[in-house]
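Report on the structure given below.
The values are calculated or read from the model by the stated rules, or taken from the named source; none is laboratory data. These numbers were taken from a predicted model, which means no experiment stands behind them. FYI the Cβ positions are ideal-geometry reconstructions off the backbone, even for glycines, and counts take in every protein chain you see.
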Amino acid sequence: MTPSAHSKFLSETMKFIPLILAVNLLVSASYGQVEEPVRTQMPESLRTRKVPEPSNLSQFVKNKAEAIALGKALFWDAQVGSDNRTACASCHFHAGADNRSKHQLSPGLLRNIPDTTLQVGGQNHQLTKGDFPFHKLSDINNRHSTVISDKNDVASSQGVFPEDYLGLDANNQEIRARALDTSFNIRRTNVRRVEPRNTPTVINAIFNQRNFWDGRAMDTFNGVNPFGRRDSSAKLWKTRSGSDVFEVAVTIDNASLASQAVGPPLSAFEMSAGGKTFPELGRRLLNAKPLALQWVNRQDSILGSRIAATGKGLNSATYADMVRASFQSSWWSSTGRINSSTAGTDQSYKTMDLTPSVSPITNSTSSYTQMEANFSLFFGLAVQLYEATLVSDQSPYDKFAEGQSSALTGQQKRGLEIFLDKGRCVNCHGGAEFTNASVHKTTSERLSLMLMGDSQEAVYDEGFYNIGVRPTSDDIGVGGKDPFGMPLSLSRIASQRGSSTYKNIAGTFPNTSVEFGDRTVGDGGFKVPTLRNVELTAPYFHNGGTRTLREVVDFYNRGGDFGDQNINDLSPDITPLGLSDREKDDLVAFLKSLTDERVRYRRAPFDHPQLVIPNGQQGDTKSIANDGTGKAVDLLLELPATGRNGGRAFPNFLE
Ligand code: HEC
Ligand code: HEC
């Protein structure tokens, strides 16, 4: 290691703040006056952060307000799903996450040897409090105590029924064929597929430098799929005038959410019949009336002024109108036709070999308009611009960090102290974003060094840690590979492929010197989730196996669950904390100070159209109603539309 690498390591270890300073801070807390070492540790108000935005946005977007409205419509529109019943919001409707509890179990599909059998309950199981945590110990404070039960299932979100895409019919609807998925049926009646990782919140996700638990949604958007510069074949179509059209590669920075957004619409787990392409999705949606099937509130902060006379849907005739109002014409105005059948096929879980085998599109031979061929660009950027408005910066903690000492209770202030010091939480959940995986933190520090349990240094991707929630072999996380065979872990690219390959993918040279063969850690590492609004987003962790914040704190207090098995990759901060019951309560009270009440009550900017959401299927885990076509009958949950002043708060998971 070079001297500069060593000093970087030193500054990492100095993150530990003397308790006395934290106490000083709490007594004299006032914005801008605190002592230097503390100010760098105590997370700032989120209002101090600029919302990340692509530097070259104006090359693509001509009217940002229009694009935000388009993004909000697309995010909430059930027509985006092949079945006209699955929106992005179907899994991201409760504080940006999912509080459903029936048919939310996925078996251990991401294990090194996949496990296709459920352990907690069968398909269509109604989760109960007693099912949690998935790793039950006889003594919650001792990870070596007798294991009462251990389940490798994941509590996540139901997506779509297993189906293959065959094309569009005369009414602009998808022709689909039933597919069989051995993991998702009850006696050959298909049930909805369930995702293999728990659903994180979209609120404040704009601050994440990369998205998904394993960081596979890259910070640069290539206009086509989640993989940014990793996919050198990704191309869009541009025109100067008339029918002229040519292929171009684009690189849009600060756009991880756009990269992310183009994954689910084609995913045969999340939203689509398998084998669809983005131009096909474009053809269907560009001819559809936005939100045609859903009520929109007259007071909606973004869409209220655009409602159709009937109250259902928007007053734009089609999505094509909204695209024309939002994007530069060089991306859609060509009168020429394009032969593009490959653009943007489902790669969302290809990295994990989960893409079900699909038949190719059969009856779709025609070429595409430029607008259809570039639909992934419009979808990605519009959804990102909408999600960039979902910033919750008015929690009691923000007010406290801005100098209003009374915004936190005495108990919450004690909890903050533990967060900063004895609990070591801030070492990973640092900064105003409450995660080190932020744009702010990683701009200068994408790669970091840590001293592992065996006193050897290793390079890792800042903001991604193995904390021993599950054995590393259950889900390798950022230790996995992209569809092109490249490590998802940037540190591994630097150490195994060299710094010029690293630069091709990351856009810059490594911020710390990495030699060929240097030790890296990544296996079983997951992106640190934000803790903002965490009160509302149970169940927790990438496997959704923990139900309450108190159980999360118990987990950290005993030094994690699989620290011994995962020791080669485990973060050295994961060791027993020795917290008393009272300290645990204080810490939980502090975490609740991160709730922005506008999120709880679905007030602007968190207001939204109506959505009818699948919520398990008729029947139980053994016997299930069949709709006559080989699939189960949905139970439905209605989320009424809210306007800028919000509505009632919905119960959190299993409350
Ligand atoms: C079937 C449920 C489902 C649907 C539908 C769905 N998502 Fe997700 N979303 C998930 C799950 C599960 C993950 C985590 C996957 C992973 O990390 O491997 C996720 C991750 C995300 C993230 C990353 C957040 C983070 O902190 O890493 C964002 C942003 C997001 N989804 C937005 C969207 C958008 C936009 C759409 C529609 C285009 C969408 N989701 C559709 C379940 C869903
Ligand atoms: C070594 C880094 C690290 C430390 C220290 C740490 N965390 Fe975490 N935290 C993470 C990572 C990584 C995850 C996601 C892990 C996973 O799901 O496998 C996480 C997840 C969580 C979650 C679940 C959030 C969700 O949406 O699922 C909560 C709550 C949480 N941490 C609170 C805390 C508290 C409180 C402390 C201090 C006692 C703490 N963390 C210390 C890295 C850390």
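In this structure, does Asn112 turn out to be within 25 Å of the chain's Cα centre (by Cα) and part of a loop (DSSP other than H, G, I, E, B)? Don't jump to the end; show me each part of the working.
Details: within 25 Å of the chain's Cα centre (by Cα): yes; part of a loop (DSSP other than H, G, I, E, B): yes.
When the stated conditions are applied, Asn112 passes them.
Does Asp214 satisfy the criteria of being charged (D, E, K, R), outside any strand (DSSP E or B) and within 16 Å of ligand 2 (Cβ to nearest atom)?
Numbers: charged (D, E, K, R): yes; outside any strand (DSSP E or B): yes; within 16 Å of ligand 2 (Cβ to nearest atom): yes.
Answer is yes for this residue.
Considering only residues that are crowded, with 23+ Cβ neighbours inside 10 Å and more than 19 Å from Leu286 (Cβ to Cβ), which ones fall in region 44-88?
Residue satisfying the conditions is Leu46 alone.
Listed here are the residues, each with its yes/no results for (1) under 26 Å from Gly563 (Cα atoms); (2) free of Cβ contacts under 8 Å to residues at least 24 places away in the same chain; (3) of a type in the set (A, V, I, L, M); (4) touching a Ser or Thr at 6+ places or on another chain (Cβ under 7 Å).
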position: Asp393; (1), (2), (3), (4): no, no, no, yes
position: Glu402; (1), (2), (3), (4): no, no, no, yes
position: Ser405; (1), (2), (3), (4): no, no, no, no
position: Leu408; (1), (2), (3), (4): no, no, yes, yes
position: Phe419; (1), (2), (3), (4): yes, no, no, no
position: Lys422; (1), (2), (3), (4): yes, no, no, no
position: Glu433; (1), (2), (3), (4): no, no, no, yes
position: Leu449; (1), (2), (3), (4): yes, no, yes, yes
position: Glu457; (1), (2), (3), (4): yes, no, no, no
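Just to check your reading of the model, which residue among Ser580, Ser571, Ser593 is within 8 Å of ligand 2 (Cβ to nearest atom), outside the structural domain of Phe212 (by TED's automatic domain parsing) and either among the small types (Gly, Ala, Ser) or surrounded by fewer than 21 Cβ atoms within 10 Å (Cβ to Cβ) (or both)? Spell out the reasoning first.
Numbers: Ser580 fails: within 8 Å of ligand 2 (Cβ to nearest atom); Ser593 fails: within 8 Å of ligand 2 (Cβ to nearest atom).
The match here is Ser571.
Surrounded by 24 or more Cβ atoms within 10 Å (Cβ to Cβ), of a type in the set (Gly, Ala, Ser), on the phi < 0 side of the Ramachandran plot and not in a loop (DSSP other than H, G, I, E, B) - does that describe any residue in region 446-462?
Within region 446-462, not a single residue is surrounded by 24 or more Cβ atoms within 10 Å (Cβ to Cβ), of a type in the set (Gly, Ala, Ser), on the phi < 0 side of the Ramachandran plot and not in a loop (DSSP other than H, G, I, E, B).
Can you tell me how many residues in region 246-280 are within 19 Å of Glu372 (Cα to Cα), in contact with a Lys or Arg (Cβ under 7 Å, 6 or more places away or on another chain) and not charged (D, E, K, R)?
So the answer is 5.
How many residues, within region 55-76, are within 16 Å of ligand 1 (Cβ to nearest atom) and of a type outside the set (Gly, Ala, Ser)? Quick ask: steps written out before the conclusion?
Keep residues of region 55-76 that are within 16 Å of ligand 1 (Cβ to nearest atom), which gives 67-76.
Now narrow it down to the ones that are of a type outside the set (Gly, Ala, Ser): 68, 70, 72, 74-76.
Adding up the residues that qualify gives 6.
Just to be sure, is Ser473 within 16 Å of ligand 1 (Cβ to nearest atom) and either touching a helix residue (DSSP H, G or I) at 6+ places or on another chain (Cβ under 9 Å) or touching a residue at least 24 places away in the same chain (Cβ under 8 Å) (or both)? Write out each step before concluding.
Working: within 16 Å of ligand 1 (Cβ to nearest atom): no; either touching a helix residue (DSSP H, G or I) at 6+ places or on another chain (Cβ under 9 Å) or touching a residue at least 24 places away in the same chain (Cβ under 8 Å) (or both): yes.
Considered against the rule, which asks whether it is within 16 Å of ligand 1 (Cβ to nearest atom) and either touching a helix residue (DSSP H, G or I) at 6+ places or on another chain (Cβ under 9 Å) or touching a residue at least 24 places away in the same chain (Cβ under 8 Å) (or both), Ser473 comes out as no.
Quick one: which residue in Arg197, Arg192, Arg188 is among the basic types (Lys, Arg) and at pLDDT below 95? Outline the logic, then answer.
Details: Arg197 fails: at pLDDT below 95; Arg192 fails: at pLDDT below 95.
Result of the check over Arg197, Arg192, Arg188: Arg188.
Where the second residue is in a helix (DSSP H, G or I) and within 14 Å of ligand 2 (Cβ to nearest atom) and the first is not assigned by TED's automatic domain parsing to the domain that holds Gly71 and lies in region 197-219, which pairs have Cβ atoms under 9 Å and are six or more apart or on separate chains?
Going by the 9 Å Cβ cut-off, there are no qualifying pairs.
Which of the helices (runs of 4 or more DSSP H) contained wholly in region 287-387 include at least 1 residues that are hydroxyl-bearing (Ser, Thr, Tyr) and at pLDDT 95 or above? So that I can check it myself, show each step before the final result.
Details: elements: 319-326, 370-373, 375-387.
Result: 319-326, 375-387.
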